[in-house]
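The structure appears right after this line, and notes come after that.
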Amino acid sequence: MAAVAGAVFVALQFVPVDTSNPPATVDIEAPADVKEILQRSCYDCHSNETRWPWYFRIAPFSWLAAHDVEEGREHLNFSEWDQLSTEDQVEAMEEAWEEGDDFRVVATGPRGVRAIR
Ligand code: HEC
């Protein structure tokens, strides 16, 4: 039984899963420390700069992770910030505020909403 499970586990590893990072285009403008929070808390699912830890490379976790990232990027991608509507940008920053940081956002410029102290 264990041998069968082991064989299945090994076989799973050969199912291809896309854990690539497309190139980042336009990033949100924010102070370094705000950006660090976003990078730490959000970028793994909401940017093209996903850090893929080793356990994300092991099926079936890799499938779940890849699915999460795909979904996350689809809804909100900080790496393609300029392609979001102002509404979506504000919504994203409201979500980020829940991480409890004291930055403000201002809507200006061709790159849209940016975070300031
Ligand atoms: C583990 C992956 C993951 C992390 C980390 C993550 N998200 Fe998400 N997020 C998702 C997924 C998947 C969705 C889409 C499905 C849903 O709405 O639940 C989503 C949806 C959203 C939406 C809604 C977008 C829309 O158009 O509906 C916002 C805004 C958002 N996330 C902001 C954030 C912010 C800000 C952070 C960091 C503080 C963050 N998320 C961290 C996976 C993640």
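Do you know which residues across segment 17-32 are within 15 Å of the ligand (Cβ to nearest atom) and within 19 Å of Val90 (Cα to Cα)?
The answer is Asp27, Ile28, Ala30.
Given (1) more than 18 Å from Arg117 (Cα to Cα); (2) over 16 Å from the mean Cα position of the chain (by Cα); (3) within 15 Å of the ligand (Cβ to nearest atom), identify the lone condition not met by Phe103.
Unmet for Phe103, out of (1) more than 18 Å from Arg117 (Cα to Cα); (2) over 16 Å from the mean Cα position of the chain (by Cα); (3) within 15 Å of the ligand (Cβ to nearest atom): (1).
Wholly within segment 29-117, which helices (runs of 4 or more DSSP H) include no fewer than the required count, namely at least 3 residues that are hydrophobic (A, V, I, L, M, F, W, C) and surrounded by 15 or more Cβ atoms within 10 Å (Cβ to Cβ)?
32-41, 61-75, 86-97
Cβ contacts < 6 Å: first residue closer than 17 Å to Arg40 by Cα, restricted to segment 51-63; second residue at pLDDT below 90 and outside any helix (DSSP H, G or I), any location; separation 6+ or different chain. Result?
Taking only residues 6 or more apart or on different chains, the pairs are Trp52/Thr19.
Among the listed residues Val34, Val17, which satisfies the condition of being of a type outside the set (Ser, Thr, Tyr), more than 30 Å from Pro110 (Cα to Cα) and out of contact with any Gly (no Cβ under 7 Å at 6 or more places or on another chain)?
Val17
Which residues, taken from segment 4-21, are assigned to a helix (DSSP H, G or I) and within 24 Å of Cys45 (Cα to Cα)?
The answer is Leu12, and nothing else.
The values are calculated or read from the model by the stated rules, or taken from the named source; none is laboratory data. Predicted model only: the values in this text are computed from it and were never measured. Note: ideal-geometry Cβ built from the backbone for every residue, glycine included; neighbour counts use all protein chains shown.
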